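The values are calculated or read from the model by the stated rules, or taken from the named source; none is laboratory data. Everything quoted here is computed from the prediction, not taken from an experiment. Cβ coordinates were reconstructed from backbone atoms using ideal geometry, including for glycine residues, and neighbour counts include every protein chain displayed.
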Amino acid sequence: MRLSTSKWTGHSTSPFLLEVSKNRVQVYLLLVSWQKSRRKSLKKMKVRTKIPEDTKRKVLIEAGHRCAIQTCKHARVEIAHIIPWAESHDDSFENLIALCPNCHDLYDKDKKIDRKAMLIYKQNLGLLGSKYGEFERRVLHFFCENQTVNAISLPGLNEIQVYYLLKDGLLAKNGKHSDILSDNIPTWEEYQLTDAGKAFVEDLR
Ligand SMILES: [Zn+2]
């Protein structure tokens with residue numbers, strides 16, 4: 001008997017098998033595209049890692065191990081993201097700030113402190129920590145805590161103590177001083193917050 005050369009025999013494939021292999025190809029292609037999209041989403045979905053200890057330490061030192069909100073200054077602090085991690089994936093020093101649990105909630109959950117305000121708090125920490133000396137920081141905190149006071153008296157020849165506040169135009173001599181005792185040196189002279197100084201202190205409050 002002659003073997004049929006029809007598609008039913010020999011190397012030809014039955015419609016059923018063709019259908020099966022077509023389905024297999026489709027499944028394979030689906031699998032490949034799923035794997036591709038999974039790889040893409042995994043790339044996007046960064047794995048959250050621990051903030052390095054060095055960065056944490058730097059953030060805590062920047063705020064003096066106190067809450068960065070000047071009027072709070074609570075000693076129990078945690079590290080907070082200025083732009084939330086879920087949004088920024090940014091654990092850099094610039095995006096972190098030391099906050100007490102209460103202020104952290106006011107920012108993250110209750111939205112009572114907005115992002116712009118938090119950025120100003122961070123900026124002020126930087127300015128305070130890197131530029132102004134201990135005495136100048138005390139002067140600024142003094143004005144922060146005494147809202148009705150705009151001037152302070154310092155012993156004569158003490159300009160150097162508030163040098164950067166004078167240089168940045170936040171503080172200026174207002175001409176009031178004690179009697180001049182000797183060598184043109186008054187025992188005290190008055191320094192006044194300028195308009196820029198008032199705005200700066202207002203941001204710190
Ligand atoms: Zn606080």
message: Looking only at region 69-96, filter to residues that are closer than 21 Å to Glu145 by Cβ and surrounded by 13 or more Cβ atoms within 10 Å (Cβ to Cβ); which one of those is farthest from the ligand (Cβ to nearest atom)?
response: Gln70
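Output the number of residues of region 65-99 satisfying the condition of being of a type outside the set (D, E, K, R) and touching a residue at least 40 places away in the same chain (Cβ under 8 Å).
We begin by selecting, within region 65-99, every residue of a type outside the set (D, E, K, R); these are 65, 67-72, 74-75, 77, 79-86, 88-89, 92-93, 95-99.
If we keep only those that are touching a residue at least 40 places away in the same chain (Cβ under 8 Å) too, we end up with 68-71, 82, 89, 96.
Looking only at that region, the number is 7.
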field: Flag for Arg137 being under 21 Å from Ala68 (Cβ atoms), out of contact with any His (no Cβ under 7 Å at 6 or more places or on another chain) and touching a residue at least 40 places away in the same chain (Cβ under 8 Å)
entry: no
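Suppose the filter is buried (at least 16 other Cβ atoms within 10 Å of the Cβ) and at pLDDT below 85; does Gly197 pass it? Steps first, answer last, please.
Details: buried (at least 16 other Cβ atoms within 10 Å of the Cβ): yes; at pLDDT below 85: no.
Taking the combined requirement at face value, the residue does not satisfy it.
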- prompt: When you scan region 53-128 for helices (runs of 4 or more DSSP H) that lie fully inside it, which ones turn up with 2 or more residues that are of a type outside the set (A, V, I, L, M) and in contact with a Phe, Trp or Tyr (Cβ under 6 Å, 6 or more places away or on another chain)?
  reply: 53-62
- prompt: Can you name the number of the only condition in (1) at pLDDT 90 or above; (2) away from the ligand (no atom under 16 Å from the Cβ); (3) exposed (fewer than 14 other Cβ atoms within 10 Å of the Cβ) that Val162 fails?
  reply: (3)
Condition check for Leu125: within 16 Å of the ligand (Cβ to nearest atom), over 24 Å from Leu165 (Cβ atoms) and buried (at least 16 other Cβ atoms within 10 Å of the Cβ): no
task: Spot the failing condition for Ser92; the list is (1) touching a strand residue (DSSP E or B) at 6+ places or on another chain (Cβ under 9 Å); (2) modelled with pLDDT under 95, and only one is missed.
output: (1)
statement: Reported set for region 140-192 where residues are assigned to a strand (DSSP E or B) and closer than 17 Å to Asn124 by Cα is Leu171
